[in-house]
Amino acid sequence: MKSPTLWIAAGLVLLGGFYVGSVYNGLVASNEGVDTQWAQVESQYQRRLDLVPNLVNSVKGIMAQEQEVFNALAEARTRYGDAVGPESRAQAANEFDSAFARLLVIMENYPQLRSVETVQSLMAELAGTENRIAVERMRYNELVRAYNVSVKTFPRTFLASMFGFGPRTMYEADLGAEIAPEVQL
C-alpha cells in the first residue's frame with residue numbers, strides 16, 4: 001500500500017493541473033470573445049462603408065463642387081480596407097468618420113437634398129448604422145475590459161504571461177474627435 005502523503009501529493013498535482021487548465025481555457029474563451037466582438041465592430045464598419053458610396057452617388061450631381069470631400073471619403077474607405085488588426089482598423093475608421101462628418105456638414109448647406117427620397121432613406125440607414133457601431137464598440141470595450149482584468153489579476157497574470165496572453169487595446173476615439181469639423185464653402 002502506498003503512503004497517504006503520495007496520494008495527497010498526487011491529488012494536489014492533479015488539482016493544480018485542473019486549475020491551470022481551467023485558467024488557460026478561460027483565457028482562450030475570453031480572448032476569442034474579444035476577437036469575435038471586434039469582428040462585429042468591423043461588420044458594422046463595413047455596412048457603413050457600403051452605404052456611404054450610395055449616398056455620395058445620390059448627391060454628387062447636386063454637389064459637384066464638393067469633389068474634395070468625395071475624394072477624402074474614397075481615400076479613407078481604401079485605407080480602412082488596407083488596414084490590418086484592430087488598432088489600425090480603428091484608426092482608419094476614425095479617419096473615415098472625419099471625412100464622413102465633413103460630408104454631413106456640407107449636406108446641411110443643400111436643403112434640396114433633404115427632400116430627395118433616396119438621400120433621406122440612405123441617411124436613415126446611416127444613422128441606424130452609426131448607432132450599431134456605437135453599440136458594438138461599447139460591447140467590444142466591455143469584453144476587452146473583462147479580458148484585461150482576467151489577464152492582469154493575481155495569480156492568473158503569471159499563467160497568462162506563461163501562455164502568451166497579454167492585455168488587449170480598447171477602442172478609443174482619436175484625439176479631437178469630439179470637435180465638429182469645420183467646412184469652408
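What follows is calculated from the coordinates using simple rules that are stated; it is not laboratory data. What you see is a predicted model; the values in this text were computed from it and never measured. Here the Cβ positions follow ideal geometry from the backbone for every residue, glycine too, while neighbour counts run over all protein chains shown.
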> Each label point is 7 Å from the Cα along the Cα-to-Cβ direction; what then is the distance between the points at Q40 and V105, in nm?
Replying inline: 3.3 nm
> Say R0 is 22 Å: what FRET efficiency, to the nearest 0.05, do A127 and A74 get from their beta-carbon distance?
Replying inline: 0.50
> Expressed in nm to one decimal, what extension gain is obtained for the pair V135 and A9 from 0.36 nm per residue of sequence separation less their Cα-Cα distance?
Replying inline: 40.4 nm
> To the nearest 0.05, what FRET efficiency results for A146 and D50 with a Förster distance of 25 Å applied to their C-beta separation?
Replying inline: 0.20
